[in-house]
Each structure stands twice: as structure tokens, then as C-alpha cells.
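First up is the structure itself, then whatever we jot down about it.
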Amino acid sequence: MKKVVRLFLTKEEKNRRFGELTRKYLEKAFEGKLNETETIDEVFLTVEELGRILTPRRIELLQKIRELKPSSIKELAEKIGRDFKNVYNDLKVLHGAGFVEFEEDGKSRKPYLPYDELEFKLDEGVASVLEKKTA
């Protein structure tokens with residue numbers, strides 16, 4: 001599954017774009033043109049939100065989940081030498097943003113990445129603002 005992260009400059013723009021996508025999805029559903037497996041696999045974030053979510057430690061967690069394929073949060077924390085509570089809290093944030101999912105296995109929760117790759121798309125307004133900042 002491919003998950004697309006779209007970045008928008010403002011929360012208003014993010015909400016407008018998400019509303020458009022949801023409306024199109026619902027229209028297809030009402031018209032009976034929606035494939036049963038079709039879902040909205042896009043995550044909408046402002047640049048500021050992305051910066052708060054994808055800290056260096058959380059990026060490392062994403063990499064380690066892919067690399068180690070841990071059977072539980074506890075195993076992941078042990079293998080990377082971090083405190084369980086801190087890893088758990090970081091995973092909650094990543095899960096809330098759609099970057100990590102969990103598979104329930106008895107009392108354990110196995111973290112996994114619900115995508116093969118992430119593709120980041122910038123809204124044209126964001127791209128032009130970022131170009132001006134870096135110029």
C-alpha cells in the first residue's frame with residue numbers, strides 16, 4: 001500500500017483539501033462507483049505538524065520497525081536501547097498521524113508500517129514559500 005503525505009501551508013488549506021477529497025470519496029460511494037477496497041490513504045499535514053511529528057528519534061523508530069520487524073513494542077524498545085514508555089509515546093504520535101499501525105497479539109501490540117513507501121507532496125503554495133525561504 002502506498003500512503004501519500006500531503007503538506008499544506010495552513011490548517012485552513014489542509015481542511016479545505018481534506019474536505020474535497022472526502023466529498024469526492026463519498027460521491028463515488030453514493031453513485032456505487034467505489035471499489036470495495038478503495039480507501040483514503042492520504043495523510044494531510046501542515047509543515048509545522050510534520051516537523052512536530054517526524055523528529056529524528058521518531059524517524060529512527062520508523063526505520064527500526066522496517067529493519068527489525070519487532071513482535072512487540074517492548075521488543076522494539078529493548079533492541080534499540082530506549083525506555084519502553086518513551087518508545088510507546090513516540091509510537092502513539094506516529095500512529096495518530098498514520099505512520100504506524102499495530103497488530104494485536106494477545107497482550108502485545110506489534111508495530112508495523114502500513115505502506116511500502118511514503119511519498120511527500122507539497123502544495124504549490126508551500127513549495128513556493130519554501131523556495132523563497134531557502135533562496
message: How far apart, in nanometres, would the label points at GLU104 and LYS85 be if each is projected 7 angstrom from Cα along the Cα-to-Cβ direction?
response: 2.6
Rounded FRET efficiency, nearest 0.05, which uses the C-beta distance separating THR22 from GLU49 and R0 of 30 Å: 0.95
message: For the pair VAL4/GLN63, report the inter-label distance in nm, with labels modelled 7 Å from Cα in the Cβ direction.
response: 2.7
statement: Between GLU13 and LYS74, the two model label points (7 Å from Cα along the beta-carbon direction) sit apart by a distance in nm of 4.6
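None of the figures in this text is laboratory data; all of them are computed from the coordinates on show. Worth saying up front: this structure is predicted, and the values here are computed from it rather than measured. Glycine also receives a Cβ, built like all others from the backbone with ideal geometry; neighbour counts cover every protein chain displayed.
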